[in-house]
Every structure is written in C-alpha cells, then in structure tokens.
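Report on the following structure.
The values are calculated or read from the model by the stated rules, or taken from the named source; none is laboratory data. This structure is a prediction, so every number in the text was calculated from the model and none was measured. No Cβ is skipped: glycine too gets one built from the backbone with ideal geometry, and neighbour counts run over all protein chains shown. Only protein heavy atoms, including side chains, enter the accessible area calculation; ligands, DNA and RNA are left aside. Shrake-Rupley method; radii C 1.70, N 1.55, O 1.52, S 1.80 Å.
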Amino acid sequence: MDQTVETGGRKIFETPLYPYGRTPDQEPGANAHHPVVIVGAGPIGLAAAIDLAQMDVPVVVLDDNDKVSWGSRAICFAKRPLEILDRLGCGDPMVDKGVVWNVGKVFFDERQVYDFNLLPEKGHKRPAFINLQQYYFEQYLVERAFELQRQGKPIELRGGNKVVSVTEKGDGVALSVDTPDGPYTMSADWLIACDGAGSPIRAMMGLDFVGRVFEDNFLIADVVMDADFPTERWFWFDPPFNRGQSALLHKQPDGVWRIDLQLGWNIDKDEEKKPENVIPRLKAMLGDDVKFELEWVSIYTFQCRRMEKFRHGHVLFAGDAAHQVSPFGARGANSGLQDTDNLCWKLKLVMDGLAPDSLLETYDVERIHGADENILNSSRSTDFITPKSEISRIFRDAALDLSERFDFARPLVNSGRLSVPCVYDGSPLNGPDGLAGGPARTRPGAPCPDAPLGDAYLLDRLGDEFQLLAIDADVPDSVEDCGIAASALRISSADDPTGDLAARYLGDATSAVYLLRPDQHVAARWTDYDEAAVKAALRTATGRA
Amino acid sequence: MADLKTAPNIAAPDDFYADLLAAHEGLTKAESDAFNARLILILSNHVGDREILRAALAAAAAPKK
Ligand SMILES: Cc1cc2nc3c(=O)[nH]c(=O)nc-3n(C[C@H](O)[C@H](O)[C@H](O)COP(=O)(O)OP(=O)(O)OC[C@H]3O[C@@H](n4cnc5c(N)ncnc54)[C@H](O)[C@@H]3O)c2cc1C
C-alpha cells in the first residue's frame, strides 16, 4: 500500500516471519499425514497451535502468507484473552508493550457530553483492556510458537502454503496445498479452519455464513503523531468534522493512533482511500497544526454473522471463519481466542481416546452461545452508532442530549460494549452448583475470575488440566476417573487479606471445592469434598455422563 | 403481568394535558419529536421496572385491526 510510511526500516508487518521453505511432505509419494492441521496463522490459528503444542499434540499451521497482519486491524484486547495468553505463555510481552487505558470521553455535536472511567475491579493481574496493534499481537504469538519449537514441542509454521481443497472424509480430512514449488497433498485426523472471515474452506465445503450486513462504511486509519492527546478513548457522535456520522480516536503503542471515521453507504471506496482524500479529513479532525503520518488506511463494511455449526465432522471452524462481528466492542479476536481456549483441551481428550467424539459437539454448544452473545452486543452498538431509521436517530440523539445533564442516560449511550467472556449457562458439561451462598459469578459455566494470592495471582496457578480448587476444605492430592485426573490446588481465604478471593469464590460459604476445567471455567462446585460427586462431575465435564 | 397502572392516576388531568401541549408550543416538528423522545426516556428511567416498561410498550401498541 503506497500510504504506508517508513519510520526507519521495514515495518514488522512487511517482514516475512515464517517464509516458505520446502518440506519432505512435498516429495513425490510422500503421502504426508498429520494429527492436526491448522489453516491460518492469524491470531486464532496461532493460539490454537500454541495451545495444542503445549499439550504435546503435533500441529502443522499452513498460511498462504508469511507475515503478520497487514496494518493493525484489531487494537483492543480485553482481560479474558490476556488471561488466556498467560496460559499460552505469552501474556507478558503483550501487556508490557500494550497501552492501558481506563478513561473514555463521549462527544456529541460540538461538545463533550460526559466522560467515564472503567474503574477496573481490583485484585486482577491483568488490566480490563490493553491497546496493541494486531501485528504486534501476532508477532508475539509467532515468537512464542518458535520458542516452543526450540523447546522441542511439535509445532511447525509453513508460510507460502495455500490450502486449495479440503475434503471431510468422515474419519479425517484430505487437503491439497499450493506452494511456490507447486501443489502437494496431505491428510489429517483433524483440521482447524482459522482462515478468517472470508474463509475459503467454508466456501470449499459449501457451508453457510448468514447474518446482517450493516450498510455503512468506515475509514480506519492508523496515524503516527507526536500529539499530547491523553491515553483515552474518544468517541464522537455527529461531530462538526464528520457531520451526521461518528468518529473514534484511540491510542496504540509507538505513538500510533487509531482513527475510525464513519463514511456512510454510498461512497466510492477507492477514492476515499486515497491519501489526498484521507488527509484533509484527518486534518479537520485533529487540527491543522498537528503533524502526522499515515501508517495504514483501509475501508470496511461491517457484518454480524455466524456459521450455523462450527463443527463439521473432522473440520472445526474457529475465529472469524466461524463468526464475524462489527468491531464496536472489540469482540472479534477476543472471542476467537475463547474459541480455541474451549476447543483445544476437548480435542486433546478425544484424540487420546479418553472422551467420546461427542465432547466436540459441546464446542458448538458453548461457542455458539458465545458468538450469539457477541453478535447481539455488536449489533446493538452498531444500531446505536449508525441509526437505521429516523425514529432510531431521534432516540439516539435524545439519549446523547440527556447524557450531558443526567447520569441515568449514560448507560443508554452505546459506542461499543466492551468484551466480557460469556458464562456457559445451561451447558451439558456443567455439573451441580452445590455451594450454598456461593457467588453467582463463579457458578458452573463461568470463567474463573482472578484473585490475589499473597503477592501472586490465582489464575497463574490454574488451567491446562482439570483441577480441584479447595478453599479452606480438605481434598486428596488428585482424583481420577477413567484416565482423566483432577489435581488439587489447596488455598485458604487467609491467603488473600484483601478479601477478593473470598468475595469471588466463597460468598456466604465458609469453605468451597471447585472442579475447574482446563480452560479455567467452573465445571461444578460444592461446600465440601465428596469423591463420588466429584467423579460424577468429572464425567459430566468430559462428555461421559 | 406487572402492575401497569391503567386506571386514572393523574390529578387534574386537564391541567396536565395543557402542560404537555404548552411544552410543545412553538417547537418545530423535529424539535417536538426530540422533546418527546427525551420525555419518554426520562419517564422510562423513572419507572425503571422492566416488567412495567414492557407492559407499557405493549399497551401503547395500536390494537390489531
Ligand atoms: C478495523 C478492524 C478493527 C478490529 N478491532 C478489533 C479489536 O479491537 N479487538 C478484537 O478483538 N478484534 C478486532 N477486530 C477483529 C480481528 O481483527 C479479527 O477478529 C481477527 O483478526 C480474527 O483472527 P483470525 O485468526 O480468525 O482470522 P485472520 O486474522 O483473518 O487470519 C486468517 C489467516 O488465514 C490465512 N488464510 C486464508 N485463506 C487461506 C488459505 N486458503 N490457505 C492458507 N491460509 C489461508 C490468511 O492468510 C490469514 O493469515 C477488528 C477488525 C477490523 C477489520
């Protein structure tokens, strides 16, 4: 893209990180077979690969590209994905590089109507949100994959490998791949399709992808500037510099700022993308005296849609390939990471023959529940930001007008509801809630909230396997049922003088035993340990009930 | 079914009605529409109870012909 600015050397997203190299699979007659093939080395494919490789499941990742995301795209990453990244061993570089923000300002017409502070709850290792360019996000994932490789974990990234056909065989998958050296074929027991919103695999398999297109266009620009705007999220409704439309300004690391300008429906995208048209728009917004350079510009139409099912035999769809949302509320990559968090441990158990194939059906149940929640939230935000009728605009403006004078109207203003993880209420994997007086936020199906443990944090000690979390309760070191074990983590409410642990995990109870899944979701909970009850819950949580 | 009051509840109804019309006096159609929208949001917040709000939305809908 000619708009890209050189700021000393090549941008990370212009540098091949996993360039094409010929592999033995390409030799004639190789008949290569792999347990798991992942298509797509975007954020979601990389997360899936790392998760599986950490569990010693051999994975091969194929991508037709060899670089990280061109330009930034996703910039806003919420606490839950950061916690997942901690489990995947790469939360630190993300958070160290990322920009933490808490304050947002809302403008309407020519004035600021109110500001808010996310006031993140105390007692969590990770902040409510960070802003980080998607290219850094992907870079750190690639680096983590290479680190695992150096440690001897079975993970391979193949750039310049374009998947051109996929056939689900009932007991596995056959695929063909195009490379600079020509095509080759391989087979796999399982294929995870993380090939993005335009998923060629979805199309190859003739699968649906239905939902809503929002008839609107957004100019997304990342600019590099030395400006002393504070580290806040600024959102404008109907500002003088973009009449009748909305605008967003948000800070990223390295003095890069994200600007979103709503453009309306009937525009000429190619014209609007030209620097000679973009720059005057940005000047009108930022002021004539602010010096900036364009790093990346693109124009998007947003959609909210999902596949009817994410599992199709031995092909499993995850991330944007399975569902797509408008970016208001930062849910795309955030929810995709929750997909693979949910999928990988289930796949491992099925591959090891410890759980029935039907366990994978619960990936559909749980993540479709998540996708629907995200689609609902993003659709509502988009409807508020871009009112579709005269009366919806009248109500929107009324809420904005009132928000300046009255607190009550502020929760009605919707410039994006920021991503929170979903609770798998009603999941077939949930066991009993036997903790009388226990907090609702840690009910079966919920993701474990973090809590301080002395000068460390609870979540750093959870995940990757089933665990029995005992708080002021007696449990054995480990409990096993048909080859699946849950190991004990014994703690005391006295370990956390702040009281957060007790408030989040005990409520009115004086002791608690939690059965936790490898993805840090609660499977079941009780006041005290009962071996038969725990084993039954372990069977339920692994689809063997 | 929530307790949406449908029996008369406004003291001096003629005075209230006159106040309502007076508030719109001199407003353009667009200003009146905006006023009504603000009024609905203010009153809705005052009610607060989602059950009653749902019942009010249903009551306001034109009867099916
Ligand atoms: C403007 C914008 C702002 C956004 N902001 C946010 C945000 O703040 N927070 C957030 O969480 N999300 C945000 N998103 C969404 C986020 O970018 C996506 O959800 C995320 O990139 C999805 O990751 P993915 O790995 O599923 O797919 P992608 O990132 O699209 O990766 C797909 C990969 O598959 C590869 N591929 C495709 N076809 C083939 C093939 N045939 N063979 C081999 N490889 C193939 C591609 O090369 C690519 O690397 C935003 C999106 C946009 C557009």
With labels modelled as points extended 7 Å from the Cα through the Cβ direction, what inter-label distance (nm, one decimal) is found for A:Lys291 paired with A:Ser187?
-> 6.3 nm
Projected onto the charge dipole of the protein assembly as shown (unit charges on the beta-carbon of Lys, Arg, Asp and Glu, signs +1, +1, -1, -1), the Cα from A:Leu400, A:Val290, A:Pro16 with the largest positive-side position is that of A:Leu400
Round to a whole number: what % of the accessible area of the protein assembly as shown belongs to carbon and sulfur, probe 1.4 Å?
-> 52 percent
Lys, Arg +1 and Asp, Glu -1 on Cβ, resulting dipole of region A:433-541 about Cα centre, debye, nearest 20 | 380 debye
The alpha-carbon center of region A:228-292 and that of region B:16-65 are separated, in whole Å, by 36 Å
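I'd like to compare A:124-133, A:334-343, A:461-470: which one has the highest average count of other Cβ atoms within 10 Å, and what's the full order after that? Intermediate results must be reported in sequence, preceding the final value.
Working: A:124-133: 22.1, A:334-343: 27.6, A:461-470: 19.7.
In descending order of packing, they fall as A:334-343, A:124-133, A:461-470.
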Take every DSSP beta bridge with both residues inside chain A and express the antiparallel ones as a percent of the total, to the nearest 5.
-> 70 percent
Dipole magnitude (debye, nearest 20) for the protein assembly as shown, charges at Cβ of Lys, Arg, Asp, Glu = 820 debye
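For every other residue with a beta carbon closer than 10 angstrom to the beta carbon of A:Leu347, add +1 if it is Lys or Arg and -1 if Asp or Glu, then tell me the sum. Could the numbers behind the result be given before it?
Values: positive: A:Lys346, A:Lys348; negative: A:Asp51, A:Asp189, A:Asp352.
With Lys, Arg at +1 and Asp, Glu at -1, the neighbours total -1.
Averaged over B:40-53, how many beta carbons belonging to a partner chain fall within 10 Å of each residue's beta carbon? Before the final figure, lay out the partial values.
Numbers: counts 2, 10, 5, 0, 2, 7, 1, 0, 1, 0, 0, 0, 0, 0.
Per residue, the number of nearby Cβ atoms from other chains is 2 on average.
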Projecting the Cα atoms of A:Val113, A:Val37, A:Val95 onto the charge dipole of region A:1-121, where Lys and Arg contribute +1 and Asp and Glu -1 at Cβ, the residue farthest towards the positive end is A:Val113
What percent do you get for the relative contact order of chain A when only Cα pairs under 8 Å and 6+ apart count?
-> 14 percent
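Over the protein assembly as shown, average the accessible area per residue using a 1.4 Å probe and give it in Å², no decimals. Write out the running numbers ahead of the final one.
On the way: 26020 Å² over 610 residues.
Accessible area per residue: 43 Å².
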What does the highest-first list of A:34-41, A:102-109, A:238-245 look like by mean Cβ count within 10 Å?
-> A:34-41, A:102-109, A:238-245
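Report for region A:433-541 the percent antiparallel among DSSP-assigned beta bridges with both residues inside it, nearest 5.
Close to 65 percent.
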Accessible area, 1.4 Å probe, largest first: how do A:Met55, A:Met225 sort?
-> A:Met55, A:Met225
Over all residues in A:502-511, what is the mean tally of Cβ atoms on other chains that come within 10 Å of each residue's Cβ?
-> 0
Sparse-neighbourhood loop sites, trypsin sites (Lys or Arg not before Pro) in region A:277-371 - DSSP loop, at most 16 other Cβ within 10 angstrom = A:Lys291, A:Lys309
Charge dipole (the protein assembly as shown, unit charges on Cβ, about Cα centre) - positive-most of B:Leu4, A:Val166, A:Phe229 = B:Leu4
Which ³J(HN,Hα) values, rounded to whole Hz and listed in residue order, are derived for region A:325-339 from phi using the Karplus coefficients 6.51, -1.76 and 1.60 in 6.51 cos²θ - 1.76 cosθ + 1.60 with θ = phi - 60°, glycine and proline given as x?
-> 10, 6, x, 6, x, 6, 10, x, 5, 4, 7, x, 5, 6, 4
Quick one: check the C-alpha center-to-center distance for region A:313-359 versus region A:143-173, whole angstrom.
-> 16 Å
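Based on Cβ point charges of +1 for Lys and Arg and -1 for Asp and Glu, what charge dipole magnitude is obtained for region A:405-495 about its Cα centre, in debye rounded to the nearest 20? Display every interim value, and only then the final one.
On the way: 7 positive and 14 negative charges, 160 e Å.
I would put it at about 760 debye.
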Amide H to amide H under 5 Å from A:Arg490: which residues, 5+ apart in sequence or cross-chain, H placed 1.01 Å off N in plane?
-> A:Ala470
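If you take every residue apart from A:Ser69 with its C-beta less than 12 Å away from the C-beta of A:Ser69, what net charge results, scoring Lys and Arg +1 and Asp and Glu -1?
On the way: positive: A:Lys11, A:Lys67, A:Arg73; negative: A:Glu14, A:Asp63, A:Glu138, A:Asp222, A:Asp320.
Overall, the nearby charge balance is -2.
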Non-local residues with an amide H under 5 Å from the amide H of A:His34, with H modelled 1.01 Å from N and Pro and chain starts lacking one, are A:Ser187, A:Ala188, A:Asp189
Which ³J(HN,Hα) values, rounded to whole Hz and listed in residue order, are derived for region A:125-138 from phi using the Karplus coefficients 6.51, -1.76 and 1.60 in 6.51 cos²θ - 1.76 cosθ + 1.60 with θ = phi - 60°, glycine and proline given as x?
-> 5, 9, x, 4, 8, 10, 9, 7, 4, 4, 5, 5, 3, 5
Hits among aspartates and glutamates - C-alpha to C-alpha of A:Lys79 under 16 Å, sequence gap 8 or more where chains match | A:Asp92, A:Asp96, A:Glu121, A:Asp339, A:Asp341, A:Asp450, A:Asp460, A:Asp519
For chain A, evaluate the Debye formula with one uniform point scatterer on each Cα (no solvent term) and list log10 I(q)/I(0) at q = 0.07 Å⁻¹, rounded to two decimals.
-> -0.42
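Per-residue mean of other chain beta-carbon atoms within 10 angstrom of the beta-carbon, peptide A:397-403?
Values: counts 4, 10, 3, 0, 4, 5, 1.
Shielding by partners across A:397-403 averages 4.
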Scan region A:244-321 for chymotrypsin sites (Phe, Trp or Tyr not before Pro) in coil per DSSP, keeping those whose Cβ has at most 13 other Cβ atoms within 10 Å, and list them by number.
-> A:Trp265
Simple spin-label estimate for A:Leu376/B:Asp3, 7 Å along Cα→Cβ, in nm, reads 2.9 nm
